[in-house]
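The values are calculated or read from the model by the stated rules, or taken from the named source; none is laboratory data. What you see is a predicted model, and the numbers here were worked out from it, not measured in a lab. Glycine also receives a Cβ, built like all others from the backbone with ideal geometry; neighbour counts cover every protein chain displayed. Surface accessibility is based on the protein's heavy atoms, side chains included, excluding ligands, DNA and RNA. Shrake-Rupley method; radii C 1.70, N 1.55, O 1.52, S 1.80 Å.
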Amino acid sequence: MTNDQSNAMWGGRFAAGPDAIMEAINASISFDQRLAAQDIAGSRAHAAMLAATGIISDTDSQAIREGLLTVLSEIEGGRFAFSTALEDIHMNVEARLKEVIGEPAGRLHTARSRNDQVATDFRLWVRDQIDAALAGLEALIRALLAQAEAGADWVMPGFTHLQTAQPVTWGHYMMAYVEMFARDMGRFADARARMNECPLGAAALAGTSFPIDRHMTAAALGFDRPMANSLDAVSDRDFALEFLGAASICAMHLSRFAEELVIWSSAQFRFVTLSDRFSTGSSIMPQKKNPDAAELIRAKIGRIMGANVALMMVMKGLPLAYSKDMQEDKEQVFDAADSLMLALAAMEGMVRDMHANRPALEAAAASGFSTATDLADWLVRALGMPFRDAHHVTGRLVALAEAKGCDLPDLTLADMQGVHAGIGAAVFDVLGVHNSVASRVSYGGTAPDQVRAQVARWKERLG
């Protein structure tokens, strides 16, 4: 097959033939330019160390470090011309540095490789993203705490199988998500602690013969220590996988809450009203107010979990140490991080702005025989009845109320005594939804005082 025939197969996309194809598949600058700040920070720390160990002169080191700040300023100011021919962010920065300071730029790459350089850059970037995720989660938790504190005693239905189960409080419901998102914070913090080791100085894969000080560069970049094995240092991407794993679980939690908001804001439920800032209208139905932000958050789990699986597939068959496959590690992580941060910000905004419809919540809490368990518990406590027998009696009373078209508190004492003669008037003390939630005083229960105690605990913890 001739080059012309090959080019025709590509529809003119690679007009220069195989060279253009190779450049397109090999270059990563279109996406790894996002590592510019981390790349320059790593290079400045490396240059300082090279001078401190006598590998290069103080004069060259100073020129390199100042020149790198000039390059960073150009990148941040949008004045930098990225070149695909230079492949990646490392070579783009180094080429521009040479134009800025001349011959000393050639000394920067002493005692390192692009392998340990990119591993360091990427680790720094993921660490920054973890810090951003932790801040986003804290903001969301604070928004949930505000909702919980305001509605600590607002009754609403609790569900199992999306069927009315027992009354709970709005505050208790909000605090459930506080606990979930707090676990996400814990996972991100754990991942950050584990990944906070520095690959720089591992060089291509075997270390270097130059008398470098890896502890100095690690400390300068905020790492706890240098990585202990040079092969592992350049080939490890566990830190990115852990970030994606924590992000996937967090996105799943966001999706669950988003699903609830979609349901709760519907005309059939009317539990919450979302602000206009996080809703849209319909192009044809003027009555519609669509929870689009919640729906888009709900969808983000697909992108984030997909990134997790994609990177796992990239890494699963790679022998030590570095392989070019690992260039495919970044786009997925970048996209997942963007999706997660957007979802966290949108959810925090929705939670801060949303208005709970207290009358609708209370009306729903009182429907569906939600105090049936309270009735069964009362039969056990007041009459000494075995719980299984109490469960059976309560079931008969529910059937009676259903036949009469009323709820349990609406049955007369005579109705109840017709099912079990031992039932007395005190039974009505437990049948109201407010009585029900007030009785759930066990640690972690839905009683308003328990909710307020948990809110106070979290506010003290966050400071």
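Give Thr208, Thr164, Thr169, Thr217 a once-over and let me know the one that is touching an Asp or Glu at 6+ places or on another chain (Cβ under 9 Å), open to solvent by less than 60 Å² (accessible area, probe 1.4 Å) and on the phi < 0 side of the Ramachandran plot.
Working: Thr208 fails: touching an Asp or Glu at 6+ places or on another chain (Cβ under 9 Å); Thr164 fails: touching an Asp or Glu at 6+ places or on another chain (Cβ under 9 Å); Thr217 fails: touching an Asp or Glu at 6+ places or on another chain (Cβ under 9 Å).
The unique qualifying residue is Thr169.
Give the residue, chosen from Arg142, Arg123, that is open to solvent by 30 Å² or more (accessible area, probe 1.4 Å), part of a helix (DSSP H, G or I) and among the basic types (Lys, Arg). Break it down into steps so the answer makes sense when it comes.
Working: Arg123 fails: open to solvent by 30 Å² or more (accessible area, probe 1.4 Å).
Checking each option against the conditions leaves just Arg142.
Would you check if there is a residue in the range 170-180 being among the hydroxyl-bearing types (Ser, Thr, Tyr) and part of a helix (DSSP H, G or I)? First the steps, then the outcome.
Kept after step one, since they are among the hydroxyl-bearing types (Ser, Thr, Tyr), are these residues of the range 170-180: 173, 177.
Right, trim to part of a helix (DSSP H, G or I) and you get 173, 177.
There is at least one residue in the range 170-180 that is among the hydroxyl-bearing types (Ser, Thr, Tyr) and part of a helix (DSSP H, G or I).
Counting only residues that are open to solvent by 40 Å² or more (accessible area, probe 1.4 Å) and among the small types (Gly, Ala, Ser), give me the helices (runs of 4 or more DSSP H) lying completely in the range 379-439 with at least 1 of them.
Working: elements: 387-404, 413-419, 428-431, 433-439.
Qualifying helices (runs of 4 or more DSSP H): 387-404, 413-419, 433-439.
How many residues are open to solvent by less than 40 Å² (accessible area, probe 1.4 Å) and either closer than 22 Å to Thr217 by Cβ or without any contact (Cβ under 8 Å) to a residue 24 or more places away in the chain (or both) if we restrict to the range 81-98?
Taking the range 81-98 first, the residues open to solvent by less than 40 Å² (accessible area, probe 1.4 Å) are 83, 88-90, 92-93, 95, 97.
Still in the list and also either closer than 22 Å to Thr217 by Cβ or without any contact (Cβ under 8 Å) to a residue 24 or more places away in the chain (or both): 88-90, 92-93, 95, 97.
Matching residues across the range 81-98 total 7.
For Leu72, are the conditions met, namely being part of a helix (DSSP H, G or I), outside the structural domain of Ala247 (by the TED database), on the phi < 0 side of the Ramachandran plot and open to solvent by 20 Å² or more (accessible area, probe 1.4 Å)?
Values: part of a helix (DSSP H, G or I): yes; outside the structural domain of Ala247 (by the TED database): yes; on the phi < 0 side of the Ramachandran plot: yes; open to solvent by 20 Å² or more (accessible area, probe 1.4 Å): yes.
Taking the combined requirement at face value, the residue satisfies it.
Kindly provide the set of residues from the range 105-120 that are touching an Asp or Glu at 6+ places or on another chain (Cβ under 8 Å) and either open to solvent by 40 Å² or more (accessible area, probe 1.4 Å) or farther than 23 Å from Gly207 by Cα (or both), ordered by number.
Of the residues in the range 105-120, the ones touching an Asp or Glu at 6+ places or on another chain (Cβ under 8 Å) are 105, 107-109, 114, 117-119.
Those that are touching an Asp or Glu at 6+ places or on another chain (Cβ under 8 Å) and either open to solvent by 40 Å² or more (accessible area, probe 1.4 Å) or farther than 23 Å from Gly207 by Cα (or both): Arg107, His109, Arg114.
What about Leu200, is it assigned by the TED database to the domain that holds Asp325, over 26 Å from Pro319 (Cα atoms), open to solvent by less than 30 Å² (accessible area, probe 1.4 Å) and among the aliphatic types (A, V, I, L, M)?
Values: assigned by the TED database to the domain that holds Asp325: yes; over 26 Å from Pro319 (Cα atoms): no; open to solvent by less than 30 Å² (accessible area, probe 1.4 Å): yes; among the aliphatic types (A, V, I, L, M): yes.
No, not satisfied.
I need a count of the residues in the range 433-452 that are within 30 Å of the chain's Cα centre (by Cα), farther than 27 Å from Ala360 by Cβ and small (Gly, Ala, Ser).
Within the range 433-452, residues that are within 30 Å of the chain's Cα centre (by Cα), farther than 27 Å from Ala360 by Cβ and small (Gly, Ala, Ser) number 0.
Answer yes or no as to whether Ala364 is in contact with a Pro (Cβ under 6 Å, 6 or more places away or on another chain), of a type in the set (A, V, I, L, M, F, W, C) and farther than 30 Å from Asp116 by Cα.
Working: in contact with a Pro (Cβ under 6 Å, 6 or more places away or on another chain): yes; of a type in the set (A, V, I, L, M, F, W, C): yes; farther than 30 Å from Asp116 by Cα: yes.
Criteria met by Ala364.
Could you tell me whether Gly281 is small (Gly, Ala, Ser) and modelled with pLDDT under 90? Don't jump to the end; show me each part of the working.
On the way: small (Gly, Ala, Ser): yes; modelled with pLDDT under 90: yes.
In short, yes.
Scanning the range 28-69 for residues that are open to solvent by 40 Å² or more (accessible area, probe 1.4 Å) and either touching a His at 6+ places or on another chain (Cβ under 7 Å) or of a type in the set (Asp, Glu) (or both), which turns out farthest from Asp88 (Cα to Cα)?
Asp58
Going through the range 192-208 one residue at a time, which ones are part of a loop (DSSP other than H, G, I, E, B) and closer than 19 Å to Ala321 by Cα? Don't jump to the end; show me each part of the working.
So in the range 192-208, the residues part of a loop (DSSP other than H, G, I, E, B) come out as 196, 199-208.
If the condition is that a residue be part of a loop (DSSP other than H, G, I, E, B) and closer than 19 Å to Ala321 by Cα, then Pro199, Leu200, Gly201, Ala202, Ala203, Ala204, Leu205, Ala206, Gly207, Thr208 are the ones that fit.
Which one of these is assigned to a helix (DSSP H, G or I), out of contact with any strand residue (DSSP E or B) (no Cβ under 6 Å at 6 or more places or on another chain) and open to solvent by less than 60 Å² (accessible area, probe 1.4 Å): Leu344, Leu361?
The unique qualifying residue is Leu344.
Those residues that are part of a helix (DSSP H, G or I) and open to solvent by 10 Å² or more (accessible area, probe 1.4 Å), I need them from the range 146-161; list them, please. Walk me through how you get there before you give the answer.
Quick first cut of the range 146-161, residues part of a helix (DSSP H, G or I) only: 146-150.
Hits for the range 146-161 are Ala146, Gln147, Glu149, Ala150.
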